[in-house]
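Engineer: Have a look at this one.
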Amino acid sequence: MIPLGLRRTARAIRRELSVLKYRLLHALGTRDPARVVTAPTRNPSPPLTHPAVGVVAPPDIGDERLRALLANQTETSWTLTPDELAHTRWFWCPGSGLEDLEACHLESLVLTAAALDLNSTIGGWAAPEGTTCRPRTLDHGSLTLVRRPEAHAVGGPVHGVLVPQITQRTPEIPVATPAHSSGAYVLDHLGSPGAVIRLPVHDAHARLTALPAVAGPPTVLFLAPYLAVGGAEKLLFDLIEGLNPQHRVVVVTLDPHRDELGQTVDRCRRLTPHVYTLGDWIPREARIDALRHLIRRWRVDALVSWNGTVDFYDHALALKRQFPGLRVLAQLYNHQGGWIDRTDSDLLAGLDGHLAVNDRIGGALLDRGAPPDRVHTVHHGVRVPAPVSDEDRIQRRRVKRAELGLSEEAVIVGTFIRLHPQKRPLDIVRLARRLEGSRLHFLLVGGGPEEEALEAEIQRDAPANLMRLPLQTETLHLYDALDICLLTSDYEGLPVFLLDGLARGIPCVATAVGEIPELLSDGGGVLVESPGDLDALAGALLSLEDPERREREGQRGRRTVEDRFGLEAYVTAYKRLLFPGGSR
């Protein structure tokens with residue numbers, strides 16, 4: 001693994017080479033928009049004082065209503081007092097539509113303004129990689145944090161930055177100012193085409209140390225790359241529900257969200273107001289400093305790396321040194337490759353816990369030298385729905401298949417996955433071709449980086465017994481249409497897709513990877529030893545054409561999930577590991 005210092009140097013070299021290329025192309029006659037280049041500043045700004053934000057609202061809002069609306073914002077360093085207004089760094093002039101703001105709206109603006117020290121910071125909503133917009137009910141004053149004018153700093157090339165809260169809603173009006181823009185950055189009249197704007201990045205943690213920490217219940221921070229559509233996110237949300245309301249939950253993402261993976265940020269915000277998608281609105285150089293601020297501000301007791309990020313493995317030990325009372329744990333989903341390759345001897349000894357989702361991962365950590373008392377295997381858990389009568393099940397099946405246009409007589413084989421090479425989605429198409437003459441009909445649901453390759457494989461010779469649906473934020477309703485769950489992966493931890501199917505009495509065919517052999521040790525379906533063995537997969541599926549066998553295997557699988565993979569045991573195990581000493 002390349003040391004962090006060398007990677008930072010390499011990034012700086014790439015940045016400067018990119019600027020040189022930009023300048024050369026401009027000299028040759030291109031009229032590209034201004035280029036914004038971010039890098040840590042050598043001259044950090046002094047810490048800010050509390051309160052940081054002066055709130056100036058129109059009289060028609062009313063003081064009592066305004067205070068109630070501000071109480072719903074996670075940011076607490078604001079003032080309405082005239083004497084204090086004269087000393088705040090920023091002004092917020094909220095107007096119409098305050099009720100539509102996300103709870104972390106003002107805090108996100110403060111974090112961004114502290115990191116970039118711009119004239120204005122403007123919030124809004126956007127789909128991944130989309131334009132930042134606002135609803136018609138919300139005016140610009142409610143979205144914008146403005147820096148107090150300074151006599152010695154008149155003008156400047158960079159005017160502000162847009163802060164998109166990732167969402168599935170579709171606001172009507174793009175957020176824009178009468179200025180030139182370059183990406184998320186909004187430039188004033190000095191930002192002409194061809195300009196290179198060097199934007200210094202400040203240490204937000206150091207600048208905001210005067211803002212008081214906020215008391216509350218025991219607090220856990222889950223650190224993730226992004227909140228996509230997938231099993232890891234579903235497990236996280238079920239865990240958050242189990243931790244509420246006795247615990248405060250903070251969720252931080254460090255990578256930009258991507259259209260191809262979908263997003264579940266809206267769902268997360270319904271569970272906790274503290275959702276910070278830093279990767280979407282703060283330069284990479286500022287994200288760990290923003291994370292440090294959030295740890296201090298919200299008095300975080302435990303930090304859990306959920307699904308792994310480069311920045312966590314780069315900075316985990318430094319965070320542990322800076323916050324010695326912080327309990328830092330890393331969760332791992334695979335024992336061969338992936339983040340376990342970053343789990344070196346220093347991390348094994350320095351972190352408070354290593355969370356394995358199956359016994360193979362736990363064993364691999366011990367083989368690497370992890371202290372036995374710091375390795376904890378926590379098997380996934382899902383909700384097991386109440387049993388339904390045969391009549392109810394048949395009716396649900398009829399309704400869902402009618403909605404999807406699927407035959408009532410077919411044996412429906414479902415696969416709900418992220419379209420990634422790990423999951424081998426092309427095997428689903430090839431299996432459908434092989435089994436066109438049978439009663440088996442395939443329902444493939446998902447999106448991801450393999451989408452283009454998948455569509456090309458389907459178009460090459462489209463099987464009549466395959467239905468393809470795009471990425472779905474919620475898939476539980478689709479299980480009503482299924483007879484068999486199919487998973488063809490090269491590697492897995494413990495797939496939530498299979499757990500949810502077995503919890504509903506639906507048997508599965510799956511490759512013998514991760515913890516799937518243990519999951520099916522008492523029945524529940526058919527294991528196929530080698531990923532990519534299409535003959536064995538086809539034979540396993542045909543063996544489940546028999547409805548009586550499907551019923552037997554499905555009930556065995558449901559009993560396994562009830563006994564060993566229920567949600568209550570999952571949440572209890574996490575509470576014990578996150579807060580071993582109980583409440584503060």
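Engineer: Do we find a residue being farther than 30 Å from residue 76 by Cβ and among the hydrophobic types (A, V, I, L, M, F, W, C) anywhere in the range 295-307?
Structural biologist: no
Engineer: Inside the range 1-32, can you point out the residues that are of a type in the set (S, T, N, Q) and either assigned to a helix (DSSP H, G or I) or modelled with pLDDT of 80 or more (or both)?
Structural biologist: Quick first cut of the range 1-32, residues of a type in the set (S, T, N, Q) only: 9, 18, 30.
Scanning the range 1-32 gives 9, 18.
Engineer: Return a yes/no flag: does the range 516-531 have any residue that is without any contact (Cβ under 8 Å) to a residue 12 or more places away in the chain, on the phi < 0 side of the Ramachandran plot and in contact with a Leu (Cβ under 9 Å, 6 or more places away or on another chain).
Structural biologist: Within the range 516-531, one or more residues are without any contact (Cβ under 8 Å) to a residue 12 or more places away in the chain, on the phi < 0 side of the Ramachandran plot and in contact with a Leu (Cβ under 9 Å, 6 or more places away or on another chain).
Engineer: Let me ask another. Just give me the residues in the range 437-448 being surrounded by 14 or more Cβ atoms within 10 Å (Cβ to Cβ) and either assigned to a loop (DSSP other than H, G, I, E, B) or free of Cβ contacts under 8 Å to residues at least 60 places away in the same chain (or both), in sequence order. Give the steps one after another, and end with the answer.
Structural biologist: Start the filter on the range 437-448 by keeping residues that are surrounded by 14 or more Cβ atoms within 10 Å (Cβ to Cβ), which leaves 438-448.
Passing the criteria: 438, 439, 441, 442, 443, 444, 445, 446, 447, 448.
Engineer: If you don't mind, there's one more thing I want to ask. Scan 290, 213 and give me the residue that is under 18 Å from residue 47 (Cα atoms), modelled with pLDDT of 95 or more and outside the structural domain of residue 355 (by TED's automatic domain parsing). So that I can check it myself, show each step before the final result.
Structural biologist: On the way: 290 fails: outside the structural domain of residue 355 (by TED's automatic domain parsing).
On inspection, the qualifying residue turns out to be 213.
Engineer: Pull up the range 558-573, narrow it to residues that are farther than 15 Å from residue 494 by Cα and among the small types (Gly, Ala, Ser), then point me to the one that is nearest to the chain's Cα centre (by Cα). Talk me through it step by step, then tell me what you get.
Structural biologist: Here is the first cut: in the range 558-573, the residues farther than 15 Å from residue 494 by Cα are 558-559, 562-563, 568-569, 571-573.
Checking which are among the small types (Gly, Ala, Ser) leaves us with 569, 573.
Working: 569: 24, 573: 22 Å.
Per the stated criteria, the residue is 573.
Engineer: Suppose we filter the range 424-452 for residues that are under 28 Å from residue 338 (Cα atoms) and either at pLDDT 95 or above or not assigned by TED's automatic domain parsing to the domain that holds residue 501 (or both); how many remain? Outline the logic, then answer.
Structural biologist: Start the filter on the range 424-452 by keeping residues that are under 28 Å from residue 338 (Cα atoms), which leaves 424-430, 444-452.
Those still in the list that are either at pLDDT 95 or above or not assigned by TED's automatic domain parsing to the domain that holds residue 501 (or both) too: 424-430, 444-445.
Qualifying residue count for the region: 9.
Engineer: Ok, one more. For the range 295-331, how many residues meet the condition of being closer than 18 Å to residue 360 by Cα and without any contact (Cβ under 8 Å) to a residue 60 or more places away in the chain?
Structural biologist: 2
Engineer: Same structure, new question: Please list, ordered by residue number, the strands (runs of 3 or more DSSP E) wholly in the range 33-122 having 1 or more residues that are touching a Pro at 6+ places or on another chain (Cβ under 9 Å). Spell out the reasoning first.
Structural biologist: Working: elements: 35-40, 53-55, 90-92.
Filter on the range 33-122 gives 35-40, 53-55.
Engineer: Please work out which residue is farthest from residue 235 (Cα to Cα), limiting yourself to the range 319-334 and to residues that are part of a helix (DSSP H, G or I) and in contact with a helix residue (DSSP H, G or I) (Cβ under 8 Å, 6 or more places away or on another chain). Reasoning before the result, please.
Structural biologist: The initial filter retains those residues of the range 319-334 that are part of a helix (DSSP H, G or I), namely 319-322.
Narrowing further to those that are in contact with a helix residue (DSSP H, G or I) (Cβ under 8 Å, 6 or more places away or on another chain): 319-320, 322.
On the way: 319: 25, 320: 26, 322: 29 Å.
So, considering only residues that are part of a helix (DSSP H, G or I) and in contact with a helix residue (DSSP H, G or I) (Cβ under 8 Å, 6 or more places away or on another chain), the one farthest from residue 235 (Cα to Cα) is 322.
Engineer: Which of the residues belonging to the range 335-388 are out of contact with any Asp or Glu (no Cβ under 6 Å at 6 or more places or on another chain), part of a loop (DSSP other than H, G, I, E, B) and under 18 Å from residue 561 (Cα atoms)?
Structural biologist: Passing the criteria: 357, 378, 379, 380, 381, 383, 385, 386, 387, 388.
Engineer: Out of the residues in the range 537-581 meeting the condition of being in a loop (DSSP other than H, G, I, E, B) and not acidic (Asp, Glu), tell me which one is surrounded by the fewest Cβ atoms within 10 Å (Cβ to Cβ).
Structural biologist: Residues of the range 537-581 that are in a loop (DSSP other than H, G, I, E, B), as a first pass: 544-546, 565, 579-581.
Then keep just the ones that are not acidic (Asp, Glu); that gives 544, 565, 579-581.
Working: 544: 22, 565: 22, 579: 20, 580: 11, 581: 8.
Ranking the candidates gives 581 first.
Engineer: Does residue 176 satisfy the condition of being surrounded by fewer than 22 Cβ atoms within 10 Å (Cβ to Cβ), modelled with pLDDT under 90, of a type in the set (Gly, Ala, Ser) and not in a strand (DSSP E or B)? Spell out the reasoning first.
Structural biologist: On the way: surrounded by fewer than 22 Cβ atoms within 10 Å (Cβ to Cβ): yes; modelled with pLDDT under 90: yes; of a type in the set (Gly, Ala, Ser): yes; not in a strand (DSSP E or B): yes.
Judged against the criteria, residue 176 is a match.
Engineer: Out of everything in the range 15-65 that is in contact (Cβ under 8 Å) with a residue 12 or more places away in the chain and among the acidic types (Asp, Glu), what residue ends up being farthest from residue 92 (Cα to Cα)?
Structural biologist: Only one residue tops the list, namely 32.
Engineer: Taking the condition surrounded by fewer than 16 Cβ atoms within 10 Å (Cβ to Cβ), polar (S, T, N, Q) and not assigned by TED's automatic domain parsing to the domain that holds residue 271, does residue 144 pass? Walk me through it before giving the result.
Structural biologist: Numbers: surrounded by fewer than 16 Cβ atoms within 10 Å (Cβ to Cβ): no; polar (S, T, N, Q): yes; not assigned by TED's automatic domain parsing to the domain that holds residue 271: yes.
No; evaluated as a whole, the condition is false for this residue.
Engineer: Mind counting the residues in the range 257-301 that are among the hydrophobic types (A, V, I, L, M, F, W, C) and in a loop (DSSP other than H, G, I, E, B)? Can you show your working first?
Structural biologist: We begin by selecting, within the range 257-301, every residue among the hydrophobic types (A, V, I, L, M, F, W, C); these are 261, 265, 268, 271, 275, 278, 281-282, 286, 288, 290-291, 294-295, 298, 300.
So of that shortlist, the ones also in a loop (DSSP other than H, G, I, E, B) come out as 282, 298, 300.
Summing the residues that are among the hydrophobic types (A, V, I, L, M, F, W, C) and in a loop (DSSP other than H, G, I, E, B) in the range 257-301 gives 3.
Engineer: Show the residue pairs that are 6+ apart or on different chains and have beta-carbon atoms under 6 Å apart, the first residue being within the range 480-498 and under 19 Å from residue 536 (Cβ atoms), the second being acidic (Asp, Glu) and surrounded by fewer than 24 Cβ atoms within 10 Å (Cβ to Cβ).
Structural biologist: Listed by first residue and then by second, the contacts come to 488/427.
Engineer: If I ask for residues that are charged (D, E, K, R) and either at pLDDT 95 or above or assigned to a helix (DSSP H, G or I) (or both), which ones from the range 453-494 would you list?
Structural biologist: Let us first name the residues in the range 453-494 that are charged (D, E, K, R), namely 455, 457, 460-461, 468, 474, 480, 483, 490, 492.
Result: 455, 457, 460, 468, 480, 483.
Engineer: Let me ask another. Return only the number of the condition from (1) within 26 Å of residue 12 (Cα to Cα); (2) in contact with a Gly (Cβ under 8 Å, 6 or more places away or on another chain) that residue 278 does not satisfy.
Structural biologist: (2)
Engineer: Here's something else I'd like to know. Considering only residues that are of a type in the set (Ser, Thr, Tyr) and in contact (Cβ under 8 Å) with a residue 12 or more places away in the chain, which ones fall in the range 74-88?
Structural biologist: 74, 76, 77, 79, 88
The values are calculated or read from the model by the stated rules, or taken from the named source; none is laboratory data. The shown structure was predicted, so the numbers you read here are calculated from the model rather than taken from an experiment. We place every Cβ from the backbone using ideal geometry, glycine too, and count neighbours over all the protein chains shown.
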